[in-house]
1. Report the extension gain between A:Asp561 and A:Glu601 in nm, rounded to one decimal, defined as 0.36 nm multiplied by the number of residues separating them, less their alpha carbon distance.
2. Please name which of A:Gly889, A:Gln925, A:Asn871 has its Cα lying farthest along the dipole of segment A:871-926 towards the positive end, using unit charges on Cβ (Lys, Arg +1; Asp, Glu -1) and the Cα centre as origin.
3. Once segment A:70-116 is represented by equal point scatterers at the alpha-carbon sites, with solvent omitted, what log10 I(q)/I(0) does the Debye formula produce at q = 0.18, 0.26, 0.32 Å⁻¹?
4. Taking 41 Å as R0, compute the FRET efficiency from the Cβ-Cβ separation of A:Gln292 and A:Ser611 and round it to 0.05.
5. If each Cα of segment A:837-924 is one equal point scatterer, what is log10 of I(q)/I(0) from the Debye formula at q = 0.13, 0.14 Å⁻¹?
6. How big is the charge dipole of segment A:837-924 about its Cα centre, in debye rounded to the nearest 20, if each Lys and Arg gets +1 on its Cβ and each Asp and Glu gets -1 on its Cβ?
7. If you add up the charges near A:Tyr268, with Lys and Arg at +1 and Asp and Glu at -1, over every other residue whose beta carbon is less than 14 angstrom from its beta carbon, what do you get?
8. Given N residues in segment A:825-873, what is its alpha carbon radius of gyration divided by 2.2 N^0.38 Å?
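Read-outs: derived from the displayed coordinates by stated rules, not from any lab. Everything numeric in this text was worked out from a predicted model, so none of it was measured. A quick note on method: Cβ atoms are made from the backbone with ideal geometry, for glycine too, and the neighbour counts reach across all protein chains shown.
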Amino acid sequence: MPAVSKGDGMRGLAVFISDIRNCKSKEAEIKRINKELANIRSKFKGDKALDGYSKKKYVCKLLFIFLLGHDIDFGHMEAVNLLSSNRYTEKQIGYLFISVLVNSNSELIRLINNAIKNDLASRNPTFMGLALHCIANVGSREMAEAFAGEIPKILVAGDTMDSVKQSAALCLLRLYRTSPDLVPMGDWTSRVVHLLNDQHLGVVTAATSLITTLAQKNPEEFKTSVSLAVSRLSRIVTSASTDLQDYTYYFVPAPWLSVKLLRLLQCYPPPEDPAVRGRLTECLETILNKAQEPPKSKKVQHSNAKNAVLFEAISLIIHHDSEPNLLVRACNQLGQFLQHRETNLRYLALESMCTLASSEFSHEAVKTHIETVINALKTERDVSVRQRAVDLLYAMCDRSNAQQIVAEMLNYLETADYSIREEIVLKVAILAEKYAVDYTWYVDTILNLIRIAGDYVSEEVWYRVIQIVINRDDVQGYAAKTVFEALQAPACHENLVKVGGYILGEFGNLIAGDPRSSPLIQFNLLHSKFHLCSVPTRALLLSTYIKFVNLFPEIKTTIQDVLRSDSQLKNADVELQQRAVEYLRLSTIASTDILATVLEEMPPFPERESSILAKLKKKKGPGTVTDLEEIKKERSSDMNGSAEPASVNASAVSTPSPSADLLGLGAAPLTNSAPPPSSSGSLLVDVFSDSASAVAPLAPGSDDNFASPDLASSEVVSEEPADTVHDADELFHKFVCKNNGVLFENQLLQIGLKSEFRQNLGRMFIFYGNKTSTQFLNFTPTVICSDDLQPSLNLQTKPVDPTVDGGAQVQQVVNIECVSDFMEAPILNIQFSPKQEVQNIFKAKHPMDAEITKAKIIGFGSALLEEVDPNPANFVGAGIIHTKTTQIGCLLRLEPNLQAQMYRLTLRTSKEAVSQRLCELLSEQF
Amino acid sequence: MIKAILIFNNHGKPRLSKFYQRYSEDTQQQIIRETFHLVSKRDENVCNFLEGGLLIGGSDNKLIYRHYATLYFVFCVDSSESELGILDLIQVFVETLDKCFENVCELDLIFHVDKVHNILAEMVMGGMVLETNMNEIVTQIDAQNKLEKSEAGLAGAPARAVSAVKNMNLPEIPRNINIGDISIKVPNLPTFK
C-alpha cells in the first residue's frame, strides 16, 4: 500500500494547480495567480477566523505559487499561527512554510522561536523532530542564540529517542556552521564522541557528520574519535553483507556511514597507537581487496555504493601519505578505473589521481598512466571528464615528460571547449616556463599558444614571454627570428603583433644581417599589421618604430615619413598623436648618441614569481594549485636534486628570489633632500623618498614608458602649476610615496626631482627652473650630509653650470648609495644671485621729448630698436661694450610716464657691475 | 554539505527547490535557471558530475544529477560530500518517492509538494544526510500519514464538511480528487531496475 494515497489531497489546492496547468500563456498564468493571491489575502484578512484545514490549504497554495517563482510577501503570520496548533498536519505545514520562505523579520523570529521552544519541551518526538528541522533549515543567528545551549542536552540525554538524536546532531552541526561562537564546547563533547558506538546506525551517521565538522576546528577535543571510528569502520567492513540489515544497500554494508567515517579520519594524521593503526591498515586493505572481487550484483547502485567507499578509502590513503604499499595499490586501482566503461568512475579516478600525483611515493606510479590520460583528453565525450584529464596532466608533469604533455595540451587546445581554454592556456604557459631546459622551446610554445588560442592568452602570458626573452640573451636571436617568421602569416593574432613588435624593437638587429629580414622588410612587415590593430597595440608599434630609428639608421627617413603622415600626426587618439609627434621630433633633433642612450635596449627585468601562476591560483580558487605546487617543488628538489644542470636556470625564473629583489620593495628607504632658496639664502627642507615604485616604467605592460622613459623627465617639473607657491613641507612629504615631482617652488625658482633606485643604489635628477626672465649667476646648489648621516649615506653630486638663463632649467645628477639605514635627511643648499638687471625710476629732468630722447640714446652709442617694445612710447636700445678681455652685451629700456613726469630705466648686461654703472650714468641724462 | 536540492522537468519547470544555504528569492530562481541550462544541454550517458554554476559558488561546488524520464534531480554539494554517495542518495530519494506514491510520476510531485518536502526532510536536514535507510524513511512517512488520518477522522471532518459546502456551486468536482480523473496524460516513470 502506498504511503501517500493519491486521493487525500486538498480539493481547492488540486483545482488551483489544475487551473494553472491549463493556462495557455504566461499572462493567463500570472492572472490566475494574482487572482488566487488576492483571494488568499482577503481570506487571511477577513474577520472570520479560518479553521486549520483552510489555513493549511492556503499555505500550500502559497508554497506552490512560490515554487513557480513568484514572491510571496504575506502569509508568514498565518504560518506562525499554525505552529502553535496541536494538530500535527497543521503544525507540519506551518513549519514547512517557514523553512521554505524564511523571513528575517525579527518579530516573527521571536514568535517562531517561542513555538519551537514549546515543541522541544513537548517530549513528543514528532513535534521535537519538526522543531529541530526548522532550526536546522533556517539556522539563523537568533535561533543559535536561543537554542545552541539546549540542543547538546537533547543530543546526549539518555532518554532521547534515536530519531530525535539524529535530528539533534545535525541541528547542532548547522548551528555550529552558522554561529560557531555560540555553540559552547563542554562535557557533552566526550559523550557525543561515544555516539560513534551507538546501536542505531542512523544516529552514528549523524554523529559522525557532526564530529567531523567539530574536529576540524577543535582536533584536540575530539582526538578520541579516531580509535572509535576505526573500530566502527572495522566492524562494518568485515561484516557479512546481511549483518546490518536495513543499512545494507545493494549488498554493500552501510556505505554512507563508511564514507563518513573515512572522512572523519581525514581530519587527523595516521593514528599513533600501533594497534589502531594496524587495524585501520587492515580495513583499507580489505576495502581495496573487495574492489577486486566479482560484483555481488550487476546493478549500478551496487557498484556505486562499493566505489563510493573505495574512493573515500583512497582519499584517506593519500591524505595519510605514509604507507607506500597502500599508495601504489591505490594508484593501480585508479589506473583500472581510468579505463572503466562507467564515465563516472573515469571522472573520479582522474580527480583522485591529481592528488595522488603530488605524493612522493606514488608520483612515478601516476606517471605510468600518461598515455591513458592523454587518450582521455582526445576521446572523452564529456567536457567535465576532459577537464579532469587536463588537471591530471598538469599535476603529473615534471621535467621528464613536460615536452610531451605540453605538446598534447597544445594539440587539445585546437579543439578544446571554449569554457576551459583560458585555463589550459595558463597551464601550458606555466609548464613551458617551469620545465624549459631549452628556451627556444619555451618561445615556440608560447607563440603556438598565441597562434592557436590568441583570444585566451591573457596579458600576463605575453608580458611573461617578453620578460624572459629580455632576461636571457641566449634566446633573443632565436626569438627575433621566430616572431619574424610567425608575423609572415597573413592573419595573425594581435597578441602576436604585440610580442613581435616588442621583440623586434629590441632585438631586430640580431636578424637584420639576413637579407630576408633586413631592417626595411622588418619594418614593412610590422607596419602592414599596424592599421588592423587596436590603439594600445599601435602605440606599442610606434615605440618599436622609434627603436628602429636607433637600431637601423638606414631606414630612419622611411620611419620619419610614416610618423609625419597625417594619419599619425593628426590622429584622433591623443596618445597616438603624442607619440608620433614626440618620436618624430626626437628622431629629428637628437644626436646619434642621445638616441642610442634614450632608446637603449631594455635592462633585464627583476626576477620574480610568474604572475601567470598567481592568475591560475585565482582562477582555480585557493588551495588547489598552491598545495600541489608547493609539494611538487619540494619533491622535485628531493628527487632530482641538482643533478640536472638546467634546474638552476628554470627555478631562477619561476620562483621568487628575495635576495635578488631588484624591485627594491624590501630595501631600506633612501633619502633625498633639497632646500629651497628664500630671501635670506637657504631655508632647509627635508626630503624623504621611498624606493617602492622605482622599476615600474620598465615593465612591458606600461607601454607609456616603453621606449623612452627619459622623454618624460623634462616635463615632470612643469606639470605643477607654475604660479602657486607650495608649502615646502607639504611638497616634501609627497616624496614619501612617489619619486617624481616638484620639491619646491617660489616666485624665483622651481625645483623638481626625478629619482630611481636599484637595491641600495639610487640616482636622482634635480631640475632647477629659473622662473624669472633674468639670468641667475653663481648658481651653486650643494647637497650636505651631516656628520651623523655621512657614514650611512654616500652622495656624489655633479657640479652645475653656474649661470641659469631666465626661463631655463638646469639638471643636476646625484648618485646615491645607501650604506645603512638612517633617519635624518640630507640638506640641499642653494645660492645664486639673480641681479644682472638694474632698474631705476626717476623724475624727468628735461622736457619729455621723444626725438631728443632718441638722439641721446643713439648718441650714447647704442642702437635704437624701433617697434620692439609692444608699447610704442618706450625706447629700447642695445649695444656691446668691448674690452680687451671680454665683450659685454648691454640692453636698455626707457619707459616714460608723461602724466607723472617720470622715467623707468632698466639695464641688463652680462655683468652686474656694468649694468649698475650704465644705469647711474643714464639716469642723469633724461 | 548539500547546498541545494532541485527538481525540474525537461522544460526547466521547477517541481521542487530546497536551499540549505541562504539565497534571495531572486537568486534562487536564477540558480534554478542556470542549473537547468547547465544540466539539460548535456548528453545522456555522460558523467553525472559537473562543476557548479557561478551563482551557486562556481568550481568549489559540484552538481550531481540524475535524469529520470521527464525529471532532473540535481544536488548541489561542496567538496565534503562523496560524489557517488550523493548519486546513491538521489536513487534512495527517488525509490522512496516511488514507494510512497506508487509509481511516482511528475504529477505526484506537482500536486503533493508538501509530501515531497516531508519525504525529503526525513532524508536530508540542514544540508546533511539524516537517514539513508529507505525502510526507516518509509516507516516515518507512514507514521505521519496515520497521524494525519487520525486527525482528519476526528477533527478534520467538520472542516471538510464546511469546505464541501463552500464548494457547492461546483458539483461536478468529484468528492475525492483522483489524479487519474484530470485528463492530462503524463508518461509514468520507468520502473526502477
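1. Net length gain for the segment: 12.0 nm.
2. A:Gly889
3. -0.47, -0.94, -1.32
4. Numbers: r = 47 Å, r/R0 = 1.15.
According to the calculation, E is roughly 0.30.
5. Each listed q corresponds, in turn, to -0.40, -0.46.
6. Numbers: 10 positive and 10 negative charges, 62 e Å.
That gives segment A:837-924 a dipole magnitude of about 300 debye.
7. Numbers: positive: A:Lys217, A:Lys223, A:Arg263, A:Arg277; negative: A:Glu220, A:Glu221, A:Glu272, A:Asp273, A:Asp321.
Residues close to A:Tyr268 contribute a combined charge of -1.
8. On the way: Rg = 19.0 Å, N = 49, 2.2 N^0.38 = 9.7 Å.
For segment A:825-873, the normalised Cα radius of gyration is 1.97.
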